Amino acid sequence: MSSTNVSTAPPGATPYGTLPPAATPSARKPMSLPRLREMHAQGEKITMLTAYDATFAAVADAAGVECILVGDSLGMVCQGLSSTVGVTLETMRHHTECVARGLRRAHATAWLIGDLPFGSYHESKEQALRSAVVLMQAGAHMVKLEGGGWTTETVRFLVERGIPVCAHLGLTPQTVHALGGYRVQGKTDESAAQLRREAIALQDAGASMMVLEMVPAALSAELTQQLTHCSTIGIGAGQGTAGQVLVLHDMLGMNLGKMPKFVRNFMEGDDNKSASVRGAMEAYVRAVKDGSFPVNATHAW
């Protein structure tokens, strides 16, 4: 055999940028609901990013991101859809499995949340349970669903059956057509009061986390103080929440449309001196932890 045909790759190496079979275990303890509650109680900001595949999920975990969200935003950033409405449960199962596989192979510590897509929990509590089981069996630690009011009993039903739930209020992208577009929610006294009622009801139903999207900063800070055992995660909701989340592609400056006001491109600036993906993620974690992101005057309403 010619020497040019002999592989020089080290033992255990894998091609095409995939993760090695046995990465070095992380020194950090795995994230859990008690740990997340402890962070909230102590005022330590919680960091969350979306991820849709094994490699980016493992890199985010290595960068110190505590929560990975397999968001139905993949419909827009990965599939090129105009909204999240077209994302199916089977698509979410596939991507949740990919992310979970990457985290396991990297001995990662992140808390993994899977989005229940449009139409997968709207019919009944029983339908929501069946859909949640699909994502939990795919590797999710928690499921997320959008909206308040009618979802309260669904949340209670899931939590009573041992499924941790993250709620989502404010701008709810799955109902973007009913909302009339991607608009700030809770701006009027009436809509703010409704948000407060729905948030408290979801907490009382057992939701452990709650994404607040495009909610005025003052209102989200108020809700964060009121929700003593439900950690708020803001996106376009100011710096007063218990944590922050961004879509991965947005914070890397990779956007097919107009960059939302609440986003910062972490591939740019002195805080990411290496100008690498992992460097950008680490800069994001530092900025959320030290309170330099988001800036209410720039990223919130």
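The values are calculated or read from the model by the stated rules, or taken from the named source; none is laboratory data. All values derive from a computational prediction rather than experimental measurement. Cβ coordinates were reconstructed from backbone atoms using ideal geometry, including for glycine residues, and neighbour counts include every protein chain displayed.
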Response to the item:
Within the range 158-198, the residues that are among the acidic types (Asp, Glu) and in contact with a Gly (Cβ under 6 Å, 6 or more places away or on another chain) are Glu198
Item to complete: Give me a count of the residues in the range 280-301 that are of a type outside the set (Asp, Glu) and in contact (Cβ under 8 Å) with a residue 60 or more places away in the chain.
Response: 11
Item to complete: State whether the residues of the range 203-213 include one that is touching a residue at least 24 places away in the same chain (Cβ under 8 Å), hydrophobic (A, V, I, L, M, F, W, C) and on the phi > 0 side of the Ramachandran plot.
Response: no
Discussion item. With among the charged types (D, E, K, R) and out of contact with any Gly (no Cβ under 7 Å at 6 or more places or on another chain) as the only criterion, which of Glu213, Glu222 stands out?
Written reply: Glu222
Worksheet item: So His177 clears everything in (1) at positive phi; (2) modelled with pLDDT under 95 except one condition, right? Which one?
Response: (1)
Fill in: Number of the exception - Leu256 against (1) at pLDDT below 95; (2) touching an Asp or Glu at 6+ places or on another chain (Cβ under 8 Å); (3) aliphatic (A, V, I, L, M)
(2)
Worksheet item: Got at least one residue in the range 160-178 being within 24 Å of Pro34 (Cα to Cα), without any contact (Cβ under 8 Å) to a residue 12 or more places away in the chain and not β-branched (Val, Ile, Thr)?
Response: yes
